[in-house]
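The values are calculated or read from the model by the stated rules, or taken from the named source; none is laboratory data. Computed from a predicted structure; not experimentally measured. All Cβ positions, glycine included, derive from the backbone under ideal geometry; neighbour counts span all protein chains shown. Surface accessibility is based on the protein's heavy atoms, side chains included, excluding ligands, DNA and RNA. Shrake-Rupley method; radii C 1.70, N 1.55, O 1.52, S 1.80 Å.
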Amino acid sequence: MATILEPFEYPLANLIAGVDEVGRGPLVGAVVTAAVILDPNNPIEGLTDSKKLSEKKRNLLFDEIKEKALAWSLGRCEPEEIDQLNILQATMVAMQRAVAGLATQPDYVLVDGNKVPELPMAAQPVVKGDLRVAEISAASILAKVTRDREMEALDAQHPGYGFAKHKGYPTKAHFEALEKLGAIDQHRKSFKPVKRILGID
């Protein structure tokens, strides 16, 4: 049965940015974030949580968001930074980078989840925001398509791991590939399954 979410009441602000992340759970690659300010005069149909969309629909919306948004930006933290900071802090830094990269700075920021990074403007977390807030939905789509494409490129460079299929998440196939082939530079060395393969205490 579908979850019925409470309607979201937008704050009174001229420019609102939505922020979301993709890639906290994988064992490999960057955590990717996006920040989007939508144009109320140029609406985009079909925005929702990126995970609920087909790959074809996500790709179409990806192009439409970049074309129609007032501003959009991507932020990221690479595996080395994740290992230094921990995944939560790295996600916050990546979100800060996405907001800082916006050509037009927002008055207010809505962040998916229950935590917000330190930002120079007012911000609030929105649980299930990618389903409730169009700006966060748009950000989730930009972040997911970007990271999925990076995993496909990594799959071409390192065949045998199945990155194009599991996108770096800890699946049985990924564990088996790690056991057989070992870790690559892009693996997150601080994550337990990778540490175990590398013999790091």
*For the chain, the spread of Cα positions along each principal axis, largest first, Å*: 53, 36, 34
*With a 1.4 Å probe and every protein chain left in place, work out the accessible area per residue of the chain in Å², rounded to a whole number.*
52 Å²
*How high is the relative contact order of segment 122-192, given as a whole-number percent (alpha carbon pairs under 8 Å, six or more residues apart)?*
16 percent
*Which entries of Lys52/Lys192; Lys56/Lys144; Lys52/Lys167; Lys68/Lys165; Lys57/Lys165 show an alpha-carbon separation above 21 angstrom in the structure shown?*
Lys52/Lys192; Lys68/Lys165
*Eligible aspartates and glutamates near Lys189 by straight Cα distance, threshold 14 Å, same-chain separation 8 or greater*: Glu78, Glu80, Glu81, Asp83, Asp201
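Take each complete run of DSSP H in the chain, measure how far its Cα atoms stretch along the helix's own axis, and keep only those covering 20 Å or more with mean Kyte-Doolittle hydropathy at least -0.5; list them.
Long hydrophobic helices here: 134-157.
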*How would you order 36-49, 134-147, 72-85 from highest to lowest mean count of nearby Cβ atoms within 10 Å?*
134-147, 72-85, 36-49
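How high is the relative contact order of segment 16-150, given as a whole-number percent (alpha carbon pairs under 8 Å, six or more residues apart)? Don't skip to the answer; put the middle values down first.
Details: 300 pairs, mean separation 52.8, N = 135.
In percent, rounded to a whole number, it is 39.
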*Quick one: Debye curve from the C-alpha atoms of segment 40-90, no solvent, what's log10 I(q)/I(0) at q = 0.27, 0.29 Å⁻¹?*
-0.97, -1.04
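Evaluate 2.2 N^0.38 Å with N set to the residue count of segment 104-201, then give the Cα radius of gyration divided by it.
Values: Rg = 17.5 Å, N = 98, 2.2 N^0.38 = 12.6 Å.
This ratio for segment 104-201 stands at 1.40.
Per the Cauchy relation, a quarter of the hull surface: what is the mean projected area of the convex hull of the alpha carbons in segment 34-151, in nm²? Could the numbers behind the result be given before it?
Details: hull surface 28.7 nm².
Projected area, direction-averaged: 7.2 nm².
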*Can you tell me the Rg and the Dmax, both Å, for the Cα atoms in segment 54-123?*
13.8, 37
*Out of Ile44, Ala100, Val31, whose Cα points farthest toward the positive end of the dipole of segment 16-150 (charges: +1 Lys, Arg; -1 Asp, Glu; placed on Cβ)?*
Ile44
*Just the number, please: carbon plus sulfur as a percent of the accessible area of segment 16-150, 1.4 Å probe, no ligands or DNA/RNA counted.*
48 percent
*Report Asp20's accessible area, 1.4 Å probe, all protein chains in place, as a number in Å² to the nearest 10.*
10 Å²
*Taking 0.36 nm per residue of separation and subtracting the Cα-Cα distance, what length does fully extending Ser190 through Glu80 add?*
38.7 nm
